[in-house]
Structure formats: C-alpha cells, structure tokens
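J.: Dumping the structure here so I can ask a few things about it.
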Amino acid sequence: MSTGPLKLSETWLKAAVLGCLWASSEILLGSFLHNFRIPFSGNFLTAIAIILMVAIGQFWKDRGLFLRAGLICALMKSVSPSAVILGPMIAIFSEAALMEGSVLMLGRNIAGYLLGSMLAMTWTLFHKIATFLIYYGFNMVEIYRELTGFAEKQLQVRFHSLWDPVLILWGLYMLMGIASAFAGLAIGRRTVRAPASVPANGKSPTPSMWTSQPAGGTPPSLTWLGLNLAAMILTLWVMNSDSWILWSSAGILIIGVWTLRYRRALKPLAKPKFWIWFVLITLLASFLLTPNRGTPQGWADGLVIGLRMSLRAAVMIIGFSVTGRELANPVIRRFFSGTRFHNLPPAMELAFDTLPHVIAAFPDLKSLFRDPFGVLHQVVSQANGWLERMTASQAATGRVVIITGGTGSGKTTLLDGIVKKIGHRNIPAGGIIAPAVFENGDRTGYDLVNVATGERTVLARTSPNGSGINAGRYWFLETGIGFGRKALDPANNLMPGVMVLDEIGPLELDGQGWADSFDKLVRRPGLLLIVVARRPLLEKVIQRWSLHNPWILDVSDINREERVEQIVVRAAQTVPQP
C-alpha cells in the first residue's frame, strides 16, 4: 500500500534531465547566437541537441527517452520570453521524434544514430524551406527559379535540374548531421569511461517546484485560439485576390486586431531580419515576377506582388506568434492528464525546478568555443548527477501546498473550494478552515470549522471575550485554539490523506497557535498538507519549517483553476491503493 505522491518512472526522470540539459543549451547558446546574428545558428543548436541525445543514449537506453525529452524541452521553450516560440517548439520536438524513430527502427547503434542525426539536421533545412513557402507563398518558387537561372548565367554552370542547389545544400546538412553523430558517440563513450559529478553551486537559485505567481499579459483563451486559426486561413484566402485594396485591408485589419489583444504582437516585426527580407523580397519581385520587367509598369506590378508577399509574411509571423501564446492554455495542458503522457506535468515541474541549477553549473561560453568537445563531455557526464538530484527532489516534492495572497483576497474561500472538490472525490481530509465573521459589513473575527466533522466554533473576535491570546486587533480564544489542535491531530481523523490548515500567521511564527500541530504534520509521511499564509509572511513560513519545494498557489494566479485541479489530482494520489 502506498500513500505517497505519484512517483515518476525512471524513464520520465531521465527525460526530464535530458530535456533540461537541452533547454539550457537553447537558452544560453541560442540567445548568444541569435543576439550576435551568427550565421547558421539553427544548425549549431541542432548539432548540440544531436550530440546530447546520441551521447546520453550511450548509457541511458530507455525506449521513448528522446521523444519525452524533446516534448519537455519544447514545452519549456513555450515559456520563453521570445515572441516567436511555435516554430522552435515544432523544430525541437521534430528533431527528437526523428531520432527516436531512427533508433527504434535500426537500434541503438551507429546506423540508428547516424540516420537519426542526418534526419534531425536535414529537418532544419526542410523547416526553413517550409517556413519561406508558408510565410511568402508559392511566389517564392518563382523567385527561386529566376535566381537559379541568373546564377547559371553568371557562374557559367548548368544545373541538371531546378532543385540541384537544394540537393547540394541538403548533402551539406547531411554531412553536418553525420559529424554531430560521431561527436556524440565519442563523447558518450568517453563519459561511460570517465563520468563527472555535478559541481556544487551555492549561488544557484532555489525556486519552488511549482511556483504559481501571477503571469502577465492576456489570459489564454480557447475561443481566441480558434478565432486566430480561422482568421489566418481566411486572410490568406483573401490575399489571393487581385484587388490590392481587398488583400491589403484584410492583412492590416487582422494585424490591428492582434495588436489590440496581444501587447507583444508586433514584437516579431521589430527584428531587423524581417525588414531585410521585406526589402529583399519586394525588390526581387519587382525585378523577376512580371512579364514586362524593366518598364515602369513592370516595376509597379512587381512592387505590388512584393508588398503582398511581405504583408502575407507579417500576417503569418504574427499569427504563429499569437497562436503559440494561446497554446499555453491550461485547458490544453490538462489534456495530457488523461493520456499516456499523464506523467508530463510532474516531469515538467522537476525540469523547471532543476533548470536554474543546470544553467548555473553550465560552463561559460568562452570555454565552449575554446574546447567544445571537452565542455560537452562535462555537460553530458553530469547527467547521472542531475538524475540523482531529481530523484531525491521528487521524494520530497508536493507534500505542502501554500495558498497565499493579501489580506481579504479570498484565500479561505479558495481553500474551502479545494476542500469541497476533494470531498466530492471521497478523499479523506481533516484539519481546519477559519471563515471570517462579519457584522454590518465589518470583519469582527473568525470562526473555526473542523473539516472532517463539520463542527464549528468561535476562534477570534475583535473584542476580548474571556481569556485569550492577543494578535493585532483580534483576541484568540483558548477554547477555539484547543478545538483547532484537536482537529489537526491525525489521530482524530479517519485515514487522513489530506490535512488543511487555515492559517499560518504571526502567532505560529512566534511558536503559538498551530505551530506545534504544524511541526508534527510536516514530519508525518504520506500526508498532503494544504496551508494558508499571507503573502508578506510566505518566505518566513518556508524558512521557519524548512519546507522543501512547496507548491505555491497565489489567489491572483490567472491559471488558478488549473493549479486547483492539479492539487486535487495530487490529493487523490494520497488515497491508499490495494
């Protein structure tokens, strides 16, 4: 029989480590490459991803490891501050899926890794070509055809087919994939012979496992997700019209709507890369895409074609950006709870919690460029150390949930709603809830409710009523405190899986009130503890009881309903199983 929280399988734990290492390289190296406009930055990132998968695959041979790690890394990319996230997310998951498929088909050997590496690297080329076609339409094919003919004349070469340049580039990408695979194999074998430990780093941040602070921006909406997709399709259809007034109005209108709803909608267009392509595509269309080229009318016709292609690209870039934001909807993420990927949310929690430590331990970029082979060996060889940390962290995770917020913000109401949801699932719960008492609209005190029995008594009032303990403007009755201590004693609750405590405040921090009861509860295995603490006291409560990785739920969190559901799911996992 088990009353503890859900334990991830070893495969999911390893996937969390690999996904975390992969995400850290995307964050650190990706930011550097893109900020300095280094050419082929996407290929460098893909090469590192291939090396990590191939190297770690030498000593972790779990089936489905790469697919799970790619999914975790892609979802970690979804919270990137970058405005364009959907494309990189698709690329990351596709690379992982191609590697997974290759090793499933050919085995975890040189052939399997070579095929997976070549497919993952050439996916980068396919992704770029597909992106140009999606953004600018099939007029890009005509521009490519004209440029190929121009190159043949200038270089005095003859291509056997229109696609020879693409095939040559494809071959170069395959060679890069092969080189990445052999680098991964060499690093993996070296790691097996000489692993390294995770370096101690006291400066790395220690965030909670599941911190639910209010997120900025517009809350995601399934309705807007559907509207955005429909608007993109309709706008693209309209932009096929010959009427420049019609297609330009449609493009400007949808961009305007997105700008009103999404504060950062135009951010992708602020990049120089977009405007460089805008000018280049417009000029190429003016030169190449009209039958009467070289004449004023030809220039005008080509300019209109180029402007339409660039406006289409703007619509697609912004459309994918806002769609990626809507895909962060908690309803979509909750879908995974009912699938074979129900382990994904807790694996994500572990990965996010470990990510700051991995980044802090990551070698500096100077070392990476000076000795890339040695640095990547150091990163890969620490994988087992991170796995040990995640395993230890998981054992102590999810035992305490802290509901926080300001005074009068609805903390008790939220707790009461959680308790009712838990009760509807027949999950045994005990503890206390302290609803406020009002007279003529003024808060005059608190009552106390025994969660297990429903009994109610007076806890505190603004005016003294017999003996009691003074805290601020309230007097806490000894009888109420005794009532609460009895309700918090697990021995007085029938098979409790969940205990709630409303609230931990200044009295408890001074060693009074429920302090002794909470001391006993945090040391009792198998319980999910849900407590209330005001936001200014949150860190003091965590430090006073040395709470390890508490789940923190702020009442103002826009994803509050998703968090509540996760708490109820975790509560269900405390029910003894035969």
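J.: Please find, within region 490-502, the residue that is surrounded by the most Cβ atoms within 10 Å (Cβ to Cβ) out of those that are part of a helix (DSSP H, G or I) and not aliphatic (A, V, I, L, M).
T.: Pro490
J.: Follow-up question, since we're still on this one. So Gly4 fits all but one of (1) at pLDDT 90 or above; (2) not assigned by TED's automatic domain parsing to the domain that holds Phe362; what number is the exception?
T.: With (1) at pLDDT 90 or above; (2) not assigned by TED's automatic domain parsing to the domain that holds Phe362 applied to Gly4, the lone miss is (1).
J.: Looking at Asn240, Asn228, which one is under 30 Å from Gly306 (Cα atoms), modelled with pLDDT of 55 or more and outside any loop (DSSP other than H, G, I, E, B)?
T.: Asn228
J.: Any idea which of (1) at pLDDT below 60; (2) surrounded by fewer than 14 Cβ atoms within 10 Å (Cβ to Cβ); (3) closer than 30 Å to Arg399 by Cα is the one Pro219 doesn't satisfy?
T.: (1) is the only condition that Pro219 fails.
J.: Can I ask one more? Of all strands (runs of 3 or more DSSP E) completely enclosed by region 406-458, which ones contain at least 2 residues that are assigned by TED's automatic domain parsing to the domain that holds Phe476 and within 19 Å of Ser517 (Cα to Cα)?
T.: Ranges flagged: 429-433, 442-450.
J.: Which one is surrounded by the most Cβ atoms within 10 Å (Cβ to Cβ) among residues in region 537-575 that are under 18 Å from Ile422 (Cβ atoms) and small (Gly, Ala, Ser)?
T.: Checked region 537-575; the qualifying residue surrounded by the most Cβ atoms within 10 Å (Cβ to Cβ) is Ala571.
J.: Taking region 361-380 as the search range and keeping residues that are modelled with pLDDT of 75 or more and under 25 Å from the mean Cα position of the chain (by Cα), which one is farthest from Arg563 (Cα to Cα)?
T.: Selected residue: Leu376.
J.: Here is a check on your reading of the model: is Asn384 at pLDDT 80 or above and not aliphatic (A, V, I, L, M)?
T.: For Asn384, the condition - at pLDDT 80 or above and not aliphatic (A, V, I, L, M) - is met.
J.: Separate question: Restricting to region 503-536, count the residues that are buried (at least 18 other Cβ atoms within 10 Å of the Cβ) and either in a helix (DSSP H, G or I) or hydrophobic (A, V, I, L, M, F, W, C) (or both).
T.: Result for region 503-536: 14.
J.: Still on this structure: Counting just the residues of region 321-344 that are modelled with pLDDT of 70 or more and of a type outside the set (S, T, N, Q), which one comes out farthest from the chain's Cα centre (by Cα)?
T.: Here the answer is Val322.
The values are calculated or read from the model by the stated rules, or taken from the named source; none is laboratory data. It should be emphasised that the depicted structure is a prediction, and the values quoted were computed from it without experimental measurement. Reconstructed Cβ throughout: ideal geometry from the backbone, glycine too, with neighbour counts over all protein chains shown.
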